[in-house]
Amino acid sequence: MAPLPAQIRHVIHISVDGLRGDLLHGLLDAPGAQYPGFSRLRAEGAVTFNARCDFDFSSTTPNHIGMVTGLPVLAPASAPSWQQHGYQINISVPTHILQVNGVPPAYKFSVFDRVHDRGGRTMLLVSKSKLAILDRSYNEVNGALDLEGEDNGRDKIDITFANDGDSSILAAVLVARMEADFPAYTFMHIFDPDAAGHGSGWGSMNWQLAVKHADSLLGFILSALELRPALKRATALVVTADHGGGVPLLTHVDPVHRENYTIPLIMWGPGVPAGSDAYALFANRRDPGVGRPFPDALDPPLRNTDTGNIAMALLGLPPVQESYFRPDWADGLRLRPLADGRVECVWPMYLTGWTLETSVDLQAGTWGPVDPAPVAEVTHWRHVQSLDPTQQRFFRLRAPR
């Protein structure tokens, strides 16, 4: 029996704390490497080991806030000051919320707002207590009013589980939720490599063992999806890190060092081209080599602050409101003439929610959705259109809005 078509309805967004990109690359390329989770994600998905953390801060809390808001800690000079989250503190302050303690004080929209206000369920799983600021900032008291369609309430995070210092329990909670009512969006934090880096140094044997533990959790999640074929066909993973580390040896707080700002970014799911370079999937992101481009560079690198909006796009949702980092996907639309005079339009399955439109007059700018509707196949969307030989016809993909 042919596999059923895929359409992404769930994204698991994972941050592996302190996972330095170049060191991970070396571990996976070493002879006899025993990292089956990361190795599978690389073989079956799109990966770069050369993404970047926040430009000004290579620390945990500021970067995680950036991941879910799409905002830098500090806005570049070319952007308005409100286009930053401004939260620089990297310790647990149980009274802090982003709306009050970010700079400037204002509501910071997040992936949780975008998913929840469109009717999706959300989940937050964290293994450091200081990341509870996310739950407080988007709870039933501090979350924004829902002004999109049906009122889904102010509490933007439906399920929160925090377990300081044990990532294994978080993975177990996530897999248990796969049995019923699995959230559309899950953010999961794995602390282990960061703790080992601070204790023994980045690249040390203890750090490698901590990466292996994180690898086992990824493998556990992938195996759970494998046992649930329908869910697997509808689920994507986005994996990144908040920072690297190693300069000085037991820390990572200076963002100017390549060891501290180099992180991986991995995408895996329906239609994501296997074994591909993550940079190839985006029209406005470029591999920076060893450089440290400014946030408003003409050819910016992929950053962990891109991953929230990558997750939204995979779910067919528009970018987070007021977010600064908005990677533009290379639409991948391919047109092929058929022998009977029709044209076949094909584009990747991971472009969930994109609309194929057609026009016969570019100057008039009149575009409309194609008819019949595109068909979801195993790795891509497909539409076949009859053509009038006396008339030109144009096609484009429009992103969700």
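The numbers here are math on the coordinates, done by the rules we state, and not lab data. If you're wondering where the values come from, they're calculated on a predicted model, not measured in any experiment. Virtual Cβ from ideal backbone geometry, glycine too; neighbours counted across all protein chains shown.
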Exercise. Could you give the alpha-carbon Rg of region 104-256 over 2.2 N^0.38 Å, rounded to two decimals?
Worked result: 1.17
Seminar exercise, completed: Cβ-Cβ cut-off under 10 Å around Met312, Lys and Arg +1, Asp and Glu -1: the net charge is +3
For this session: Compute the relative contact order of region 200-294 as a whole-number percentage, counting only Cα pairs closer than 8 Å that sit 6 or more residues apart in sequence.
Result: 24 percent
For this session: Quick one: among Leu351, Leu335, Leu23, which has the greatest mean-square fluctuation in a GNM of the chain with alpha-carbon springs under 10 angstrom?
Result: Leu335
Exercise. Most fluctuating residue of Val247, Val16, Val126 in a GNM of the chain with Cα springs under 10 Å: which is it?
Worked result: Val247
Exercise. Cβ under 15 Å from Glu357's Cβ, Glu357 left aside: what net charge do those residues give with Lys, Arg +1 and Asp, Glu -1?
Worked result: +1
Exercise. Of the residues Ser216, Ser78, Ser167, which exhibits the maximal mean-square fluctuation in a Gaussian network model of the chain defined by a 10 Å Cα contact cut-off?
Worked result: Ser78
For this session: Beta carbons within 10 angstrom, averaged per residue: use that to sort the peptides 57-65, 192-200, highest first.
Result: 57-65, 192-200
For this session: Treating only the Cβ atoms of Lys and Arg (+1) and Asp and Glu (-1) as charged, compute the dipole magnitude of region 10-314 about its Cα centre; round to the nearest 20 debye.
Result: 320 debye
Exercise. What is the helix-to-structure angle for 60-69, meaning the angle in degrees between its Cα long axis and the longest Cα principal axis of the chain, kept from 0 to 90 and rounded to the nearest 10?
Worked result: 20 degrees
Seminar exercise, completed: Around Val256 (Cβ within 13 Å, Cβ-to-Cβ, excluding Val256; K/R +1, D/E -1) the net charge comes to -1
For this session: Mind checking which lysines have their Cα closer than 21 Å to the Cα of Lys212? Skip sequence neighbours fewer than 8 apart in that chain.
Result: Lys128
